[in-house]
1. Starting from the range 29-114, pick out the trypsin sites (Lys or Arg not before Pro) whose DSSP state is loop and whose Cβ has at most 15 other Cβ atoms within 10 Å.
2. Which log10 I(q)/I(0) values, to two decimals, does the range 33-164 give at q = 0.09, 0.13, 0.16, 0.19 Å⁻¹ under the Debye formula with one point per Cα?
3. With a cut-off of at most 13 other beta carbons within 10 Å, and DSSP calling the residue loop, which GluC sites (Glu not before Pro) in the range 140-183 qualify? Please list them.
4. Calculated FRET efficiency, ARG261 and GLU99, Cβ-Cβ r, R0 51 Å, to nearest 0.05?
5. Taking all protein chains in place and a 1.4 Å probe, what share, in percent, of the accessible surface of the range 67-148 do carbon and sulfur account for?
6. Considering lysine pairs in the chain that are 8 or more places apart or on different chains, how many have Cα atoms under 18 Å apart?
7. What translational diffusion coefficient, in µm²/s and rounded to a whole number, does the Stokes-Einstein relation yield for the range 125-254 at 25 °C and a viscosity of 0.890 mPa s, taking the hydrodynamic radius as the Kirkwood radius over Cα pairs?
8. Taking 0.36 nm per residue of separation and subtracting the Cα-Cα distance, what length does fully extending ARG114 through ASP30 add?
Amino acid sequence: MYERQESQVSGRVELPGFLYGYYERRLLKDLPRDRIPRHIGVMVDGNRRWAKQFNAPTSQGHQAGADKIHEFLGWCQELGVKVVTLYMLSTDNMNRSSEELDLLMGIIANTLDRLDEDANISVHAMGAPELLPDYLAERLNKLTARTPVREKIHVNVAVGYGGRREIVDAVRELLHDAVAKGMDISKLADDLSVDDISRFLYTRGQPDPDLVIRTSGEQRLSGFLMWQSAYSEFYFCEALWPAFRKVDFLRALRDYAGRQRRFGA
(Lines give C-alpha, C1' and ligand atoms only; values in the text may rest on other atoms or scores of the structure.)
Protein backbone atom coordinates (compact mmCIF):
# COMPACT_ATOMS: atom_id res chain seq x y z
CA MET A 1 0.00 0.00 0.00
CA TYR A 2 1.33 3.42 -0.93
CA GLU A 3 1.57 5.93 1.87
CA ARG A 4 -0.26 9.19 1.30
CA GLN A 5 1.71 12.36 1.91
CA GLU A 6 0.41 15.69 3.21
CA SER A 7 1.30 18.62 0.96
CA GLN A 8 3.17 21.44 2.71
CA VAL A 9 2.05 23.78 -0.05
CA SER A 10 -1.71 23.48 -0.10
CA GLY A 11 -2.68 21.34 2.89
CA ARG A 12 -4.16 18.74 0.55
CA VAL A 13 -3.44 15.04 0.66
CA GLU A 14 -0.86 14.26 -2.03
CA LEU A 15 -0.17 10.98 -3.80
CA PRO A 16 3.07 9.83 -5.44
CA GLY A 17 3.55 11.35 -8.89
CA PHE A 18 2.99 8.16 -10.87
CA LEU A 19 -0.34 7.58 -9.12
CA TYR A 20 -1.41 11.07 -10.04
CA GLY A 21 -0.46 10.29 -13.64
CA TYR A 22 -2.72 7.25 -13.54
CA TYR A 23 -5.53 9.23 -11.89
CA GLU A 24 -5.18 12.01 -14.47
CA ARG A 25 -5.41 9.54 -17.35
CA ARG A 26 -8.46 7.93 -15.76
CA LEU A 27 -10.23 11.27 -15.34
CA LEU A 28 -9.38 12.21 -18.91
CA LYS A 29 -10.68 8.91 -20.27
CA ASP A 30 -13.98 9.17 -18.38
CA LEU A 31 -14.62 12.81 -19.28
CA PRO A 32 -17.53 13.11 -21.77
CA ARG A 33 -16.15 15.19 -24.65
CA ASP A 34 -19.60 16.45 -25.59
CA ARG A 35 -19.82 18.12 -22.16
CA ILE A 36 -16.68 20.25 -22.40
CA PRO A 37 -17.58 23.91 -21.68
CA ARG A 38 -17.12 26.28 -24.61
CA HIS A 39 -16.17 29.23 -22.42
CA ILE A 40 -14.38 29.03 -19.07
CA GLY A 41 -13.79 31.99 -16.79
CA VAL A 42 -10.91 31.64 -14.33
CA MET A 43 -10.19 33.69 -11.24
CA VAL A 44 -6.45 33.11 -10.81
CA ASP A 45 -6.38 33.63 -7.04
CA GLY A 46 -3.78 32.74 -4.42
CA ASN A 47 -0.43 33.84 -5.86
CA ARG A 48 0.56 35.87 -2.81
CA ARG A 49 -0.48 33.19 -0.33
CA TRP A 50 1.47 30.61 -2.32
CA ALA A 51 4.62 32.74 -2.10
CA LYS A 52 4.08 33.31 1.62
CA GLN A 53 4.04 29.55 2.25
CA PHE A 54 7.57 29.37 0.84
CA ASN A 55 8.74 32.56 2.57
CA ALA A 56 9.34 33.84 -0.95
CA PRO A 57 8.83 37.37 -2.28
CA THR A 58 5.36 38.20 -3.57
CA SER A 59 6.76 38.66 -7.07
CA GLN A 60 7.76 34.98 -7.11
CA GLY A 61 4.14 34.03 -6.46
CA HIS A 62 2.94 36.27 -9.27
CA GLN A 63 5.53 34.77 -11.64
CA ALA A 64 4.51 31.23 -10.68
CA GLY A 65 0.90 32.23 -11.34
CA ALA A 66 1.83 33.61 -14.76
CA ASP A 67 3.62 30.38 -15.64
CA LYS A 68 0.53 28.42 -14.59
CA ILE A 69 -1.61 30.48 -17.00
CA HIS A 70 0.34 29.18 -19.99
CA GLU A 71 0.14 25.62 -18.68
CA PHE A 72 -3.61 26.00 -18.15
CA LEU A 73 -4.19 27.34 -21.66
CA GLY A 74 -2.35 24.30 -23.00
CA TRP A 75 -4.78 22.02 -21.15
CA CYS A 76 -7.72 23.98 -22.55
CA GLN A 77 -6.41 23.64 -26.10
CA GLU A 78 -5.96 19.88 -25.64
CA LEU A 79 -9.59 19.51 -24.53
CA GLY A 80 -11.14 21.82 -27.12
CA VAL A 81 -12.20 24.73 -24.90
CA LYS A 82 -12.82 27.63 -27.30
CA VAL A 83 -12.83 30.69 -25.01
CA VAL A 84 -11.04 31.42 -21.73
CA THR A 85 -11.39 34.59 -19.67
CA LEU A 86 -8.57 35.20 -17.20
CA TYR A 87 -9.15 37.52 -14.24
CA MET A 88 -5.57 38.75 -13.81
CA LEU A 89 -5.88 42.19 -12.21
CA SER A 90 -8.99 43.85 -10.82
CA THR A 91 -9.62 47.53 -10.28
CA ASP A 92 -9.52 46.80 -6.53
CA ASN A 93 -6.00 45.35 -6.92
CA MET A 94 -4.86 48.78 -8.10
CA ASN A 95 -4.82 49.82 -4.43
CA ARG A 96 -1.82 47.62 -3.66
CA SER A 97 1.60 49.09 -2.99
CA SER A 98 3.33 50.76 -5.93
CA GLU A 99 6.27 48.38 -5.54
CA GLU A 100 4.09 45.28 -5.87
CA LEU A 101 2.09 46.79 -8.71
CA ASP A 102 5.22 47.68 -10.67
CA LEU A 103 6.49 44.11 -10.39
CA LEU A 104 3.08 42.67 -11.21
CA MET A 105 2.63 44.89 -14.27
CA GLY A 106 6.00 43.73 -15.57
CA ILE A 107 5.04 40.08 -15.10
CA ILE A 108 1.72 40.66 -16.89
CA ALA A 109 3.57 42.36 -19.76
CA ASN A 110 5.89 39.35 -20.08
CA THR A 111 2.87 37.05 -20.00
CA LEU A 112 1.34 38.99 -22.88
CA ASP A 113 4.59 38.65 -24.83
CA ARG A 114 4.44 34.89 -24.36
CA LEU A 115 0.83 34.83 -25.54
CA ASP A 116 1.92 36.80 -28.60
CA GLU A 117 4.33 33.98 -29.49
CA ASP A 118 1.52 31.40 -29.71
CA ALA A 119 0.05 31.36 -33.21
CA ASN A 120 -2.99 29.43 -31.97
CA ILE A 121 -4.20 32.13 -29.58
CA SER A 122 -6.23 35.27 -30.20
CA VAL A 123 -6.41 37.79 -27.35
CA HIS A 124 -8.97 40.36 -26.31
CA ALA A 125 -8.31 42.94 -23.57
CA MET A 126 -10.97 43.62 -20.94
CA GLY A 127 -10.72 46.50 -18.50
CA ALA A 128 -9.82 50.15 -18.15
CA PRO A 129 -6.58 50.83 -20.08
CA GLU A 130 -6.29 54.31 -18.56
CA LEU A 131 -5.56 52.68 -15.18
CA LEU A 132 -2.53 50.85 -16.60
CA PRO A 133 0.99 52.02 -17.41
CA ASP A 134 1.29 53.19 -21.01
CA TYR A 135 3.61 50.34 -21.99
CA LEU A 136 1.14 47.72 -20.72
CA ALA A 137 -1.88 49.37 -22.34
CA GLU A 138 0.02 49.53 -25.64
CA ARG A 139 0.92 45.84 -25.48
CA LEU A 140 -2.69 44.94 -24.81
CA ASN A 141 -3.84 47.02 -27.79
CA LYS A 142 -1.21 45.49 -30.05
CA LEU A 143 -2.03 41.96 -28.97
CA THR A 144 -5.76 42.51 -29.40
CA ALA A 145 -5.21 43.77 -32.94
CA ARG A 146 -3.11 40.74 -33.90
CA THR A 147 -4.70 38.04 -36.05
CA PRO A 148 -3.59 34.51 -35.08
CA VAL A 149 -2.27 32.18 -37.77
CA ARG A 150 -4.73 29.43 -36.73
CA GLU A 151 -7.02 30.20 -33.85
CA LYS A 152 -7.54 27.27 -31.51
CA ILE A 153 -8.52 29.31 -28.49
CA HIS A 154 -9.64 32.86 -27.75
CA VAL A 155 -8.34 34.41 -24.53
CA ASN A 156 -9.91 37.38 -22.78
CA VAL A 157 -7.35 39.09 -20.55
CA ALA A 158 -9.06 40.98 -17.73
CA VAL A 159 -6.50 43.54 -16.53
CA GLY A 160 -7.63 46.60 -14.63
CA TYR A 161 -11.07 45.03 -14.75
CA GLY A 162 -14.16 45.53 -12.59
CA GLY A 163 -17.56 43.95 -13.23
CA ARG A 164 -19.55 46.97 -12.09
CA ARG A 165 -17.41 49.26 -14.20
CA GLU A 166 -17.99 47.02 -17.22
CA ILE A 167 -21.76 47.41 -16.89
CA VAL A 168 -21.44 51.17 -16.43
CA ASP A 169 -19.18 51.37 -19.50
CA ALA A 170 -21.68 49.31 -21.50
CA VAL A 171 -24.59 51.58 -20.57
CA ARG A 172 -22.50 54.68 -21.26
CA GLU A 173 -21.53 53.39 -24.71
CA LEU A 174 -25.12 52.40 -25.40
CA LEU A 175 -26.29 55.95 -24.64
CA HIS A 176 -23.54 57.56 -26.72
CA ASP A 177 -24.45 55.26 -29.61
CA ALA A 178 -28.11 56.19 -29.30
CA VAL A 179 -27.34 59.92 -29.29
CA ALA A 180 -25.04 59.54 -32.31
CA LYS A 181 -27.90 57.86 -34.17
CA GLY A 182 -30.36 60.58 -33.20
CA MET A 183 -32.51 58.23 -31.13
CA ASP A 184 -34.97 59.50 -28.54
CA ILE A 185 -33.50 58.63 -25.10
CA SER A 186 -36.93 58.38 -23.50
CA LYS A 187 -37.99 55.82 -26.09
CA LEU A 188 -34.70 53.95 -25.60
CA ALA A 189 -35.42 53.74 -21.88
CA ASP A 190 -38.89 52.32 -22.56
CA ASP A 191 -37.62 49.76 -25.06
CA LEU A 192 -34.34 48.84 -23.32
CA SER A 193 -33.65 45.09 -23.21
CA VAL A 194 -31.02 42.74 -21.85
CA ASP A 195 -29.67 42.22 -25.36
CA ASP A 196 -29.21 45.97 -25.80
CA ILE A 197 -26.76 46.08 -22.91
CA SER A 198 -25.08 42.80 -23.83
CA ARG A 199 -24.13 44.28 -27.20
CA PHE A 200 -21.84 46.75 -25.45
CA LEU A 201 -20.14 44.53 -22.87
CA TYR A 202 -16.41 43.84 -23.11
CA THR A 203 -17.24 40.29 -24.25
CA ARG A 204 -19.73 41.34 -26.95
CA GLY A 205 -20.20 38.70 -29.61
CA GLN A 206 -18.85 35.91 -27.40
CA PRO A 207 -20.75 33.15 -25.62
CA ASP A 208 -21.28 33.69 -21.91
CA PRO A 209 -19.08 31.52 -19.66
CA ASP A 210 -20.41 28.02 -19.11
CA LEU A 211 -18.09 27.44 -16.17
CA VAL A 212 -16.33 29.81 -13.77
CA ILE A 213 -13.44 28.44 -11.70
CA ARG A 214 -11.98 30.18 -8.67
CA THR A 215 -8.89 28.86 -6.91
CA SER A 216 -7.62 29.43 -3.34
CA GLY A 217 -10.81 28.35 -1.55
CA GLU A 218 -12.56 31.72 -1.78
CA GLN A 219 -16.23 31.46 -2.73
CA ARG A 220 -17.25 34.81 -4.16
CA LEU A 221 -17.27 36.51 -7.57
CA SER A 222 -15.34 39.65 -6.60
CA GLY A 223 -16.94 41.48 -9.50
CA PHE A 224 -15.88 38.94 -12.16
CA LEU A 225 -18.19 38.77 -15.21
CA MET A 226 -21.16 39.80 -13.10
CA TRP A 227 -23.50 40.16 -16.07
CA GLN A 228 -22.21 37.26 -18.17
CA SER A 229 -22.13 34.68 -15.35
CA ALA A 230 -25.84 34.90 -14.52
CA TYR A 231 -26.33 31.29 -15.63
CA SER A 232 -22.77 29.99 -15.33
CA GLU A 233 -21.82 26.97 -13.28
CA PHE A 234 -19.28 27.69 -10.52
CA TYR A 235 -16.45 25.54 -9.24
CA PHE A 236 -14.41 26.57 -6.19
CA CYS A 237 -11.08 24.83 -5.71
CA GLU A 238 -8.99 24.85 -2.54
CA ALA A 239 -5.69 24.84 -4.45
CA LEU A 240 -3.83 28.12 -4.72
CA TRP A 241 -3.47 29.12 -8.38
CA PRO A 242 0.27 28.33 -8.79
CA ALA A 243 -0.42 24.87 -7.30
CA PHE A 244 -3.46 24.19 -9.52
CA ARG A 245 -2.84 20.91 -11.34
CA LYS A 246 -4.31 19.31 -14.42
CA VAL A 247 -5.98 16.83 -12.08
CA ASP A 248 -7.75 19.74 -10.36
CA PHE A 249 -8.87 21.06 -13.74
CA LEU A 250 -10.18 17.68 -14.83
CA ARG A 251 -12.10 17.37 -11.57
CA ALA A 252 -13.71 20.73 -12.28
CA LEU A 253 -14.70 19.56 -15.77
CA ARG A 254 -16.02 16.26 -14.38
CA ASP A 255 -18.11 18.19 -11.86
CA TYR A 256 -19.43 20.46 -14.63
CA ALA A 257 -20.26 17.50 -16.88
CA GLY A 258 -22.31 15.91 -14.12
CA ARG A 259 -24.51 18.94 -13.51
CA GLN A 260 -27.93 19.49 -15.01
CA ARG A 261 -27.84 23.11 -16.16
CA ARG A 262 -30.94 25.18 -15.45
CA PHE A 263 -31.49 28.55 -17.09
CA GLY A 264 -33.96 30.12 -14.70
CA ALA A 265 -35.33 29.85 -11.18
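1. Here the trypsin sites (Lys or Arg not before Pro) that fit, given the DSSP loop and packing criteria, are ARG38, ARG96.
2. Scattering profile of the range 33-164, log10 relative to I(0): -0.26, -0.54, -0.81, -1.12.
3. For GluC sites (Glu not before Pro) across the range 140-183 that sit outside H, G, I, E and B with at most 13 neighbouring Cβ atoms in 10 Å, the list reads GLU151.
4. Efficiency, from the Cβ-Cβ distance: 0.70.
5. Carbon and sulfur atoms account for 46 percent of the accessible area of the range 67-148.
6. Final tally of qualifying lysine pairs is 5.
7. Values: Rh = 17.2 Å.
Result for D is 142 µm²/s.
8. Computed gain between ARG114 and ASP30 is 27.0 nm.
The values are calculated or read from the model by the stated rules, or taken from the named source; none is laboratory data. In this text, all values refer to a predicted model and were calculated from it rather than measured experimentally. Quick reminder, even Gly has a Cβ in these numbers, built from the backbone with ideal geometry, and neighbours come from all protein chains shown. Surface accessibility is based on the protein's heavy atoms, side chains included, excluding ligands, DNA and RNA. Shrake-Rupley method; radii C 1.70, N 1.55, O 1.52, S 1.80 Å.
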